[in-house]
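**Q** Structure incoming, see below.
The values are calculated or read from the model by the stated rules, or taken from the named source; none is laboratory data. Predicted model only: the values in this text are computed from it and were never measured. For neighbour counting, all protein chains shown are included, and Cβ atoms are generated from backbone atoms with ideal geometry for every residue, glycine included. Only protein heavy atoms, including side chains, enter the accessible area calculation; ligands, DNA and RNA are left aside. Shrake-Rupley method; radii C 1.70, N 1.55, O 1.52, S 1.80 Å.
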Amino acid sequence: MTWGYQAPWWLPSGDVQTVYAAKLANASNGPRIDWLRERWLTPDADFVDVDWIPNRHSGPQPLLVLFHGLEGSSSSHYAQAFAGQATQRGWRMALPHFRGCSGEINLAPRAYHSGDVDEIDWMLRECQKLHHGPVVAVGVSLGGNALMRWAGNKGAAAKHVVQGIAAISAPLDLTASGHAIDQGLNRHIYTRMFLKTMKPRALEKLAQYPGLFDGQALLNVQTLYEFDNVFTAPVHGYQNTDDYWARASAKPGLHHVRVPALALNACNDPFVPAWSLPKADEVGDWVTLWQPATGGHVGFPDGAFPAHVHAMPIAVMDWLQTHLE
């Protein structure tokens, strides 16, 4: 099974496809999504908030666990699109928010990062405990790298937790993607957008834990490389940005994956360079690569004007469905 995606002719570039999908496209063609929120206590005495779509059908329907991207939430366009498709199919869906991403600052002296396989493992196992039926997982961007890295680390043991996974627009080579987003037009569009929320949130954490990192250095941050050097890396046990990006990248472990896994990346993604994408000889038999020429970063708008973003969740969920049968 492959996906022959092609962006509409009137959305001619990866940047346009990315921004249109996130800001203008119709994310759901069904009824309004009514999330039910639960608060889970973490093993380190913190909390995460998990938004659920309940199962309104009888029988053991699948559970889709969605891990969001950098600064994402259940309000993100891709979360709404997957939720709409899950509702139409009668699937349950859970979206665990990474630390601090649910609208309330978390308690522990930490946040979230691209290589947090322990957090992914704990969240998936908690979902498995609460659901009596098959579980599949999708990770988007940062969440996709973390999910795929988890699968590589767990090897065959991952099959005891999930039946299949998919990583959408994941920066599987964090070094390549990190440098790409900090350069040229990307720096003015995407880096600035991310830092607009990341810096204030980090300063809130510093107010909770004075001395946790260098606050003055954070105020001077202009790139994601600098932000990770000042905050993400030291707070989460890495030496620096280079160490974090190298050790947290999922790409080197793809040949260890032993659960059906889909990696979907558009070749015109503005900050996941096509040259950095995994090739067939860099993954094992369990990993399927979809690398359409167009789509942007978590874009994949489809249809006539005005476009919507249903086609990608449909294709991904169809692929996951084949591994439930």
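**Q** In what sequence, largest accessible area first, do L206, L218 appear using a 1.4 Å probe? It would help to have the intermediate numbers written out before the result.
**A** Details: L206 35, L218 0 Å².
The ordering from most to least exposed comes out as L206, L218.
**Q** Further, regarding this structure: Taking the Cα atoms of the chain, report the difference between the largest and smallest coordinate on each principal axis, in whole Å and largest first.
**A** 52, 45, 41
**Q** Oh, and also: Which value, in Å² and to the nearest 10, is the accessible area of S75 when all protein chains are kept and the probe is 1.4 Å?
**A** Result for S75: roughly 90 Å² accessible.
**Q** Could you pull the Rg and Dmax for the range 123-225, using just the Cα atoms, both in Å?
**A** Using the Cα atoms of the range 123-225, the pair Rg, Dmax is 17.7, 49 Å.
**Q** Please report, in debye to the nearest 20, how large the charge dipole of the range 112-226 is about its Cα centre when each Lys and Arg carries +1 at its beta carbon and each Asp and Glu carries -1 there. Present the calculation step by step, with values, prior to reporting the outcome.
**A** Details: 11 positive and 10 negative charges, 48 e Å.
So the magnitude is around 240 debye.
**Q** Could you list, in their original order, any pairs among K23/K205; K129/K251; K23/K251; K199/K251; K129/K199 whose Cα atoms are separated by more than 32 Å? Before the final figure, lay out each step's value.
**A** Numbers: K23/K205 29 Å; K129/K251 29 Å; K23/K251 29 Å; K199/K251 28 Å; K129/K199 35 Å.
Going by Cα-Cα distance, K129/K199 fall outside the 32 Å limit.
**Q** Projected area of the range 152-207, taken from the Cα convex hull and averaged over every viewing direction, in nm²?
**A** 6.2
**Q** I need the GluC sites (Glu not before Pro) found in the range 12-106, filtered to DSSP loop residues with at most 13 other beta carbons within 10 Å of theirs. Working shown, then result.
**A** Details: sites: E38, E71, E104; in loops: E71, E104.
Here the sparse-neighbourhood loop sites are E104.
**Q** Which log10 I(q)/I(0) values does the range 89-128 give at q = 0.18, 0.27, 0.29 Å⁻¹ under the Debye formula, counting every alpha carbon as one identical point scatterer?
**A** Values returned for q = 0.18, 0.27, 0.29 Å⁻¹ are -0.60, -1.06, -1.12.
**Q** Order the peptides 107-117, 192-202 from the highest to the lowest mean number of other Cβ atoms within 10 Å of their residues. Mind dumping the intermediate values first?
**A** Numbers: 107-117: 20.5, 192-202: 15.2.
Answer by packing, highest mean first, reads 107-117, 192-202.
**Q** P(r) for the range 35-149: what percent of alpha-carbon pairs falls in each 5 Å bin, starting at zero?
**A** Taking all Cα pairs of the range 35-149, the binned fractions are 2, 12, 25, 25, 21, 10, 4, 1, 0 percent.
**Q** Considering every Cα-Cα pair within the range 122-178, what fraction, in whole percent, is farther apart than 19 Å?
**A** On the way: 463 of 1596 pairs.
Here the long-distance tail beyond 19 Å is 29 percent of all Cα pairs in the range 122-178.
**Q** Got a number for the accessible area of R258? Probe 1.4 Å, square angstrom, nearest 10.
**A** R258 has an accessible surface of roughly 90 Å² with all protein chains in place.
**Q** In addition: Computed over the Cα atoms of the range 242-303, what is the ratio Rg over Rh, Rh following Kirkwood?
**A** Here the Rg-to-Rh quotient is 1.00.
**Q** Compute, for the range 162-321, the length of the dipole vector about the Cα centre, with Cβ point charges of +1 (Lys, Arg) and -1 (Asp, Glu) only. Units Debye, rounded to 20. Show your work: numbers first, answer last.
**A** On the way: 10 positive and 14 negative charges, 72 e Å.
For the range 162-321, the charge dipole is close to 340 debye.
**Q** Putting +1 on Lys and Arg Cβ atoms and -1 on Asp and Glu Cβ atoms, find which of T288, S75, A7 reaches farthest to the positive end of the dipole of the chain.
**A** Of the options given, the answer is S75.
**Q** Rounded to the nearest 10 Å², what accessible area does L41 have for a 1.4 Å probe in the complete protein model?
**A** Solvent-accessible area, nearest 10 Å²: 140 Å².
**Q** Right, next: Any idea what the dipole of the range 58-140 comes to, in debye rounded to 20, about its Cα centre with Lys/Arg Cβ at +1 and Asp/Glu Cβ at -1?
**A** Values: 6 positive and 7 negative charges, 59 e Å.
Roughly 280 debye for the range 58-140.
**Q** Among S177, P210, V162, pick out the residue whose Cα is farthest towards the positive end of the charge dipole of the range 150-215, where Lys and Arg carry +1 and Asp and Glu carry -1 on C-beta, about the Cα centre.
**A** V162
**Q** Could you look at the chain and say what percent of its accessible area is carbon and sulfur, using a 1.4 Å probe and all protein chains? Write down the numbers at each step before the final one.
**A** Details: 7190 of 13320 Å².
With neighbouring chains kept in place, the figure for the chain is 54 percent.
**Q** Enter the accessible area per residue of the range 1-97 (Å², integer; probe 1.4 Å; all protein chains in place). Display every interim value, and only then the final one.
**A** Details: 4450 Å² over 97 residues.
Accessible surface, normalised per residue, equals 46 Å².
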